[in-house]
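To start, the structure itself, in structure tokens.
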Amino acid sequence: MPMNSYTLDFTMDLENNNNTPLTGKETEKCAEKRKCVITLDEKQGESKRLKKEESNVEATSRPPAQSPKKRLHLNGKPTQNKDLNFTYGNYKHYYGKRILNKDFHDIRLDVLGTQSDLFRNKQLLDIGCNSGHLSIQIARKFEVKSLVGLDIDRSLINDAQRTVSHLKRQATPVQGIPYIQFVHGNYVLEDDVLLDIERPQFDVILCLSVTKWIHLNFCDSGLKQTFRRMYLQLRPGGKLILEPQSFDGYKRRKKLSEQIRDNYNAIKFRPEHFTEYLLGPEVGFAEMKLMGIPEHCKEGFKRPIQIFTKS
């Protein structure tokens, strides 16, 4: 009897919202209904549990989430021809090959120093300045009035600008730093007609070990235009200091790209023709003198440095 009373009270609480007394049959019906409800709840819970387990299995079978950059390398890193980054001779560690000792002394400074008066208190343009190491050395060592360094590689120009900024922060008022500016750009113009607007603005133009790269990328016409532009940008009596590479060195770089190979095969204006062209009527320099040949440890870097003077 106590058990029946407990069952009745429990059933009433769950099923009889009106608190109306139930008969025995109604009690059995309610118990069956309650049993059905409990069974459905258990099935639903079991179904949810199975779905959760299935989702966990699927989640663990999938590869872990990765960034887009990492996904590109799932099947191996893509191959890349690193030489294509240096089609303009814009090697980041170029001065590591040109410099002979731990003091970072470029041997060409010794040749340029034989006529340091050419630079003192003058306005200079350095074409193809790379990371600016030699440009800065020239500006400081020879007490120039100003120097503008130009290079086609923006990252090298950024390096040069950071170097100059660092020097300015470290310099004392007594030392001083000449006005030095580095500019990103291509010296070869898109059209020869733009030469008509050039005006004299520099006393000295430096073009050191750059002619080969202009030649390979812009052919005979591009290099000839470059020589004419240099002449036009120099003031009367101005100097072009030229360090041309020999044609033998071109061959080693002709495989950098298909375009460079085609340009190489089309070259007819050889380095041995440069002097005649620069002194001829198309350009107009008055004279050429040999400044010197750097005594470099590597044979390929022993290149003559020439001085062309504008009348």
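The values are calculated or read from the model by the stated rules, or taken from the named source; none is laboratory data. What you are looking at is a predicted structure, and each value in this text was computed from that prediction instead of being measured. Please note that ligands, DNA and RNA were not included when accessible areas were found on the heavy atoms of the full protein model with its side chains. Shrake-Rupley method; radii C 1.70, N 1.55, O 1.52, S 1.80 Å.
In segment 200-311, the DSSP beta bridges split such that about 60 percent are antiparallel, to the nearest 5. In terms of its C-alpha gyration tensor, segment 106-189 comes out oblate, because a/c is 1.5 or above while a/b does not outweigh b/c. At full extension, Leu109 and Lys251 could sit 48.3 nm farther apart than now, given 0.36 nm per residue minus the alpha carbon distance. Carbon-plus-sulfur accessible fraction, segment 217-311 (probe radius 1.4 Å, protein heavy atoms only): 48%.
Determine the alpha carbon to alpha carbon distance for each of Lys224/Lys310; Lys212/Lys254; Lys141/Lys212; Lys212/Lys289 and list only those over 19 Å. Correct reply: Lys141/Lys212; Lys212/Lys289. In order along segment 223-232, the phi-based Karplus estimate (6.51 cos²θ - 1.76 cosθ + 1.60, θ = phi - 60°) of 3J(HN,Hα) comes to 6, 4, 4, 4, 4, 5, 5, 4, 4, 5 Hz; Gly and Pro are listed as x.
In order along segment 128-144, the phi-based Karplus estimate (6.51 cos²θ - 1.76 cosθ + 1.60, θ = phi - 60°) of 3J(HN,Hα) comes to x, 6, 6, 7, x, 4, 5, 4, 5, 4, 4, 4, 7, 5, 9, 6, 6 Hz; Gly and Pro are listed as x.
Straightening the chain between Gln259 and Lys141 buys 38.5 nm, computed as 0.36 nm per residue apart minus the Cα-Cα spacing.
With every protein chain in place and a 1.4 angstrom probe, the accessible-area ranking of Phe301, Phe274, Phe218, largest first, reads Phe218, Phe301, Phe274.
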